[in-house]
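Notes to accompany the following structure.
The values are calculated or read from the model by the stated rules, or taken from the named source; none is laboratory data. Values in this document were obtained by computation on a predicted structure and should not be read as measured data. We place every Cβ from the backbone using ideal geometry, glycine too, and count neighbours over all the protein chains shown.
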């Protein structure tokens, strides 16, 4: 099932409640948390997540680009995030952390930077609810999509199918009208879009347009066409 998750990294931070309401037709609201250590940017933290939880009925998909997620990630589940994704490169005990997030009622996601291969984490996949393949270097919105990540998305999809897993396969970075079909063809089914949504005159219409593009690809695959 195709899911579109607008990223508030590209929203107006002074109007976050209004910006969340502007995309209420989306599946999730993607919240990028950065600590200026794991990535060279500082964004939102727990207080904003708690406030957003009260301001919107759209579930929150928190992507933690932070050091020491083993310590900090559970707090986001406790704050009401429906999904919490931490980076493989930063976690010291990813299985324990994933189990703790699930215990707290959140979906557990594992994120991989563009240069991080998926294969070393194959044995961890059954502990997860989502795998996030970064399609830009994490840290800033508005970056250009990295086509070199497409083969990794395909390999990740094959791993999930090989093990019969129903994990969501998310892509984040440079997702737009021009790139979403390529991501869907590679096997992604959850799409984070920032500037493509919040840079549009009508963010809700942009969400619908992205969904339709991805669903066209999913429909072709369902009809027997092999993804490229």
Restricting attention to the stretch 103-117, does a residue exist that is within 21 Å of residue 7 (Cα to Cα), buried (at least 16 other Cβ atoms within 10 Å of the Cβ) and in contact with a helix residue (DSSP H, G or I) (Cβ under 6 Å, 6 or more places away or on another chain)?
yes
If I filter the stretch 84-91 for residues that are over 22 Å from residue 197 (Cα atoms), out of contact with any strand residue (DSSP E or B) (no Cβ under 9 Å at 6 or more places or on another chain) and modelled with pLDDT of 95 or more, do I get at least one hit?
no
Looking only at the stretch 1-29, how many residues end up being surrounded by 13 or more Cβ atoms within 10 Å (Cβ to Cβ) and in contact with a helix residue (DSSP H, G or I) (Cβ under 7 Å, 6 or more places away or on another chain)?
14
Take the residues in the stretch 118-174 that are at pLDDT 95 or above, in a loop (DSSP other than H, G, I, E, B) and touching a helix residue (DSSP H, G or I) at 6+ places or on another chain (Cβ under 7 Å), then tell me which one is surrounded by the fewest Cβ atoms within 10 Å (Cβ to Cβ).
163
